[in-house]
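Here is the structure we will look at, set down as structure tokens.
The values are calculated or read from the model by the stated rules, or taken from the named source; none is laboratory data. Here the structure is a predicted model, which is why all the values come from computation and not from measurement. Neighbour counts are summed over all protein chains in view; Cβ atoms, including those assigned to glycine, are modelled from backbone coordinates with ideal geometry.
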Amino acid sequence: MSARETSSGRLGNDPFAALGVSPTDRNQTSVSRKKRGPKSPPAAKTQRTATTKSRKKPAPPEGDSGALSALPVSHDGAEWDFDALDARIEQAISLLHQLPLPEGPPPRSTMDQFADLVRDTFRAISPLTYLRQLNRVLYAGRSFHVDPFGLDPEFEERADRIADFFYRYWWRVDALGVDNIPGGGRTLIVSNHSGMLPYDGAMIKHAVRVHHPARRTVRFLVENFAFYFPILGTLIYRYGGVRASMDNATRLLNDDQLTAVFPEGVKGLGKLYRQRYQLQRFGRGGFIKLALRTRSPIVPVAVIGAEEIHPILAHADFLKKPLRVPYVPITPTFPWLGPLGLVPLPTKWTIVFGEPLTLPLEYGPEEADNELLVSELTLCTPSHP
């Protein structure tokens, strides 16, 4: 075999040949690798401690634990990494000074001005910039005296100004019979539900604060899915909304709170426009069970006008599972106008508060488990089961 064949042929591509190792040495090397010393005793098992946050999304809270869960937005903005955005922008801008120019670099002042222009442009078009400002507004003057459900008195006072605008000018609400609400003690408000988002709960709350002699605070229950939207969950918590559950409602009533429930639930919020003012099923008599267990009077409420603020024409059911929401509405403005399509229409509202209804005294708290009695005492029946 010629030297050329050795250098460029089969042997020339052999890594062992390049190192000067003969076939005999290779076999000895492979055998020596198989011969190993005695195995060392197994090391003691140690418990591993996670050093990084798990990527798995935590399961939604159940029962009354939802009332004490952390707010969706932290006080210091840790869940929105604004500093990382600034670092990336500065890193991108630093590359501008490394660009080679054929006629020589321009004066440093000119390059700095151009870098500032790019920096300001990035920050102006970045959504995180607006989230940062909104985060500051939400937590400006935050009170440290909040109740177990997250109600912030200082935020509530500021939010009342916004609620008053919608109440007086946007929806021009007429509130009738507000004096029917007792001046104190546990009271259960039972209302119809509509409007795609819980605007009706906020307007009932504001109507009582404005027109009731005692200016009582309404704690309205909100469907669970609303608390998983960015920012919206924080607003609901701090304004007095509570995650809807039997445990939370019982705790509020036992604390002599004025509590509003919406038995139609998600079916009422997401019903189509052609079904407007048609009551959906009022659950399984949950509000009757609450009234029996807590001995609370019931104040029926009718909200008229919220059906038209978001006329839902259809549902995009194929998006429910990926987005983890009970419904994805299609309205004349959403999703065609993007976020602007979520702005409610300025309709005329009327809120009517009925006279209090007290269940017979012979029905004690133990009767809440009597399904037949609960069905008979249900005050509202659905027009379409």
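Numbers below:
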{"quantity": "Unmet criterion (only one of (1) in contact with a Gly (Cβ under 8 Å, 6 or more places away or on another chain); (2) not in a loop (DSSP other than H, G, I, E, B)) for T259", "calculated": "(1)"}
{"quantity": "Meets criteria (touching a residue at least 12 places away in the same chain (Cβ under 8 Å) and over 26 Å from I312 (Cβ atoms)) for R251", "calculated": "yes"}
{"quantity": "Filter result for the condition that a residue is in contact with a Pro (Cβ under 9 Å, 6 or more places away or on another chain) and within 19 Å of Y273 (Cβ to Cβ), over V303, V299, V328", "calculated": "V328"}
{"quantity": "Criterion (assigned by TED's automatic domain parsing to the domain that holds A159, farther than 26 Å from L345 by Cβ and either part of a loop (DSSP other than H, G, I, E, B) or in contact with a Ser or Thr (Cβ under 8 Å, 6 or more places away or on another chain) (or both)) met by exactly one of L252, L197", "calculated": "L252"}
{"quantity": "Meets criteria (in the same structural domain as H315 (by TED's automatic domain parsing), at pLDDT 95 or above and out of contact with any Pro (no Cβ under 7 Å at 6 or more places or on another chain)) for R186", "calculated": "yes"}
{"quantity": "Boolean, V301 is surrounded by 17 or more Cβ atoms within 10 Å (Cβ to Cβ), assigned by TED's automatic domain parsing to the domain that holds A175 and not in a helix (DSSP H, G or I)", "calculated": "yes"}
{"quantity": "Residue match in segment 334-342 (condition: modelled with pLDDT of 85 or more, exposed (fewer than 11 other Cβ atoms within 10 Å of the Cβ), in the same structural domain as Y169 (by TED's automatic domain parsing) and outside any helix (DSSP H, G or I))", "calculated": "yes"}
{"quantity": "Some residue of segment 308-316 being in contact with a His (Cβ under 9 Å, 6 or more places away or on another chain), surrounded by 13 or more Cβ atoms within 10 Å (Cβ to Cβ), part of a loop (DSSP other than H, G, I, E, B) and of a type in the set (A, V, I, L, M, F, W, C)", "calculated": "no"}
{"quantity": "Verdict on K289 being surrounded by 22 or more Cβ atoms within 10 Å (Cβ to Cβ) and either among the basic types (K, R) or assigned to a strand (DSSP E or B) (or both)", "calculated": "yes"}
{"quantity": "Any chance V301 is touching a Lys or Arg at 6+ places or on another chain (Cβ under 7 Å) and of a type in the set (A, V, I, L, M)", "calculated": "no"}
{"quantity": "Output for segment 349-366, where each listed residue is out of contact with any helix residue (DSSP H, G or I) (no Cβ under 8 Å at 6 or more places or on another chain) and modelled with pLDDT of 95 or more", "calculated": "T350, V352"}
{"quantity": "Segment 205-243, residues that are hydrophobic (A, V, I, L, M, F, W, C) and in a helix (DSSP H, G or I)", "calculated": "A207, V208, V210, F225, A226, F227, L232, L235, I236"}
{"quantity": "All positions within segment 163-186 that are outside any loop (DSSP other than H, G, I, E, B), out of contact with any helix residue (DSSP H, G or I) (no Cβ under 8 Å at 6 or more places or on another chain) and surrounded by 14 or more Cβ atoms within 10 Å (Cβ to Cβ)", "calculated": "W170, L176, N180"}
{"quantity": "Of the criteria (1) closer than 18 Å to G201 by Cβ; (2) at pLDDT 95 or above, which one P346 fails", "calculated": "(1)"}
{"quantity": "Which numbered condition G283 misses (of (1) at pLDDT 90 or above; (2) surrounded by 15 or more Cβ atoms within 10 Å (Cβ to Cβ); (3) not aliphatic (A, V, I, L, M))", "calculated": "(1)"}
